[in-house]
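The block underneath contains the structure these notes are about, expressed in structure tokens.
The values are calculated or read from the model by the stated rules, or taken from the named source; none is laboratory data. Bear in mind the structure is a predicted one, so any value in this text is a computation, not a measurement. For neighbour counting, all protein chains shown are included, and Cβ atoms are generated from backbone atoms with ideal geometry for every residue, glycine included.
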Amino acid sequence: MRDTDSIAIIGGGPAGALAGSILAQCGKNVLLFDEKLAWEKPCGGGITYKALQQYPFLADAGAQSNPIENCELISPSGQKVRFHMQHPVAIFSRRELNGLMLERARQAGAKVHHERVNRVSRVNGEWQLVAAEREYRASYVLFAAGARNPFRSQFLSPISASDLMVTAGYFIPGRGSLMQIQFLKGITGYIWVFPRADHVSAGIAGKMGELPTIELRRILEKWLEENGYRLQGARFYSHILPSLRAQSFVTLEVSGDGWAMIGDSAGLVDPITGEGLYYALRSAELCAEALLAGRPQEYCASLEEEVLPELRLAARISRRFYAGQIFGDSVLEKMISLTASSATFRELMSDLFAGIQGYRDLRSRLYGILPTVMAEGLAGTLRRPWFDKGGLAGDPVVE
């Protein structure tokens, strides 16, 4: 690419905005298109400690996020445990997060267009982008427009229903300081409550085809009512997220001659947790670095080295996580009981939420701590009758 060539980015969410700011800051002519710009996307909005360390400007935007240190996990049977996370999760309103990142892209020199791109085609070796009122030219196109990216079918096969997750939820007025996750029997997903700075994002996620959206909504509303959340003044939403199967990650394509996809558009979402913000940011960074080096093909190589092994493993173990058995109990029930009984296991869970414990070395860590975890669980069982119901000082709250 020549320095005078322009790079078009379709989608102004975190992935598109970060790619735009990196490229523009290094002197590239960046055209960034988004029909909505900063908007309240239906998701939790949690930024992990790993992401905050990788992108310090997010940690510096403290007034725009709500740092959450305490988490409550609830098993399908109703067993609850609350524990302190060693590294807080910064929970952003997506309107605030998108606005922050778009402003960084503008300040770096990207030209942000509040327009919908209706058509993309190759003309004489250049990309022609047709918007509502005018046309644009670019030498390279980045797609960052989410799982429903209307251009995906032009370059690749559409994401199949088996590789999607349905979410439904509410933005509820109010504030909170507790992140809650309720696992559900028979659903590959969960209910979440993420307190943002000025409202609460509460939702439910499940694999497409398991239950209709209307049934997911009914389950969520019943749970919210039973747990004291009032929906007066709340806004409903529904959304689609990628949740690729293991075989889909094996054949995944994210780029071609003169184009690439990043973030949700590329399907880069954790199939177990549904977490996609870190992967959106990291894929944008890797793609921008490859373009700046003049070697766009290195984007795929970087994903293969760093990102895809983790997501492929998550896809392989997702079904066992939600429906598997261990030690005579379900994985979910055992995970929550171990979190309640073992300080060592709580440290592991805290590192998982922080994003600093990956899947690839999770098994070896589990094997290493298993004797300690079992000893702590046994000690807790033996000592409990001699103390009050709440346990020892510093123990998690268990119900």
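Please work out if residue 70 is closer than 27 Å to residue 349 by Cα and at pLDDT 95 or above. I'd like the intermediate steps shown before the answer.
Details: closer than 27 Å to residue 349 by Cα: yes; at pLDDT 95 or above: yes.
Answer is yes for this residue.
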Taking the stretch 121-148 and the residues there that are more than 25 Å from residue 281 (Cβ to Cβ) and of a type in the set (S, T, N, Q), the one that is surrounded by the most Cβ atoms within 10 Å (Cβ to Cβ) would be 128
Could you count how many residues in the stretch 291-300 are of a type in the set (A, V, I, L, M) and either surrounded by 18 or more Cβ atoms within 10 Å (Cβ to Cβ) or within 22 Å of the chain's Cα centre (by Cα) (or both)? 1
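Listed here are the residues, each with its yes/no results for (1) surrounded by fewer than 19 Cβ atoms within 10 Å (Cβ to Cβ); (2) in a loop (DSSP other than H, G, I, E, B).
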residue	(1), (2)
150	yes, yes
159	no, yes
197	yes, yes
200	no, no
216	no, no
225	yes, no
Quick test for you: out of 256, 274, pick the one residue that is within 18 Å of residue 302 (Cβ to Cβ), touching a residue at least 12 places away in the same chain (Cβ under 8 Å) and surrounded by fewer than 21 Cβ atoms within 10 Å (Cβ to Cβ). 256
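Got a sec? Which helices (runs of 4 or more DSSP H) wholly within the stretch 305-359 have at least 3 residues that are exposed (fewer than 15 other Cβ atoms within 10 Å of the Cβ), of a type in the set (Ser, Thr, Tyr) and at pLDDT 95 or above? Reasoning before the result, please.
Working: elements: 308-323, 331-341, 343-354.
Filter on the stretch 305-359 gives an empty set.
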From the option list 288, 205, single residue qualifying as in a helix (DSSP H, G or I), in contact (Cβ under 8 Å) with a residue 60 or more places away in the chain and either in contact with a Ser or Thr (Cβ under 7 Å, 6 or more places away or on another chain) or buried (at least 21 other Cβ atoms within 10 Å of the Cβ) (or both) is 288
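Of the residues that sit in the stretch 204-262 and are among the β-branched types (Val, Ile, Thr) and farther than 27 Å from residue 311 by Cα, which one is modelled with the lowest pLDDT? Before you say what the answer is, go through the steps one by one.
Residues of the stretch 204-262 among the β-branched types (Val, Ile, Thr): 204, 213-214, 219, 240, 250-251, 254, 262.
If we keep only those that are farther than 27 Å from residue 311 by Cα too, we end up with 214, 219.
On the way: 214: 94, 219: 97.
Among residues in the stretch 204-262 that are among the β-branched types (Val, Ile, Thr) and farther than 27 Å from residue 311 by Cα, the one modelled with the lowest pLDDT is 214.
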Failed condition for residue 118, given (1) under 21 Å from residue 288 (Cα atoms); (2) among the polar types (S, T, N, Q); (3) surrounded by fewer than 13 Cβ atoms within 10 Å (Cβ to Cβ): (1)
So, in the stretch 192-201, of the ones that are in contact with a Phe, Trp or Tyr (Cβ under 8 Å, 6 or more places away or on another chain) and either at pLDDT 95 or above or hydroxyl-bearing (Ser, Thr, Tyr) (or both), which residue ends up nearest to residue 318 (Cα to Cα)? 193
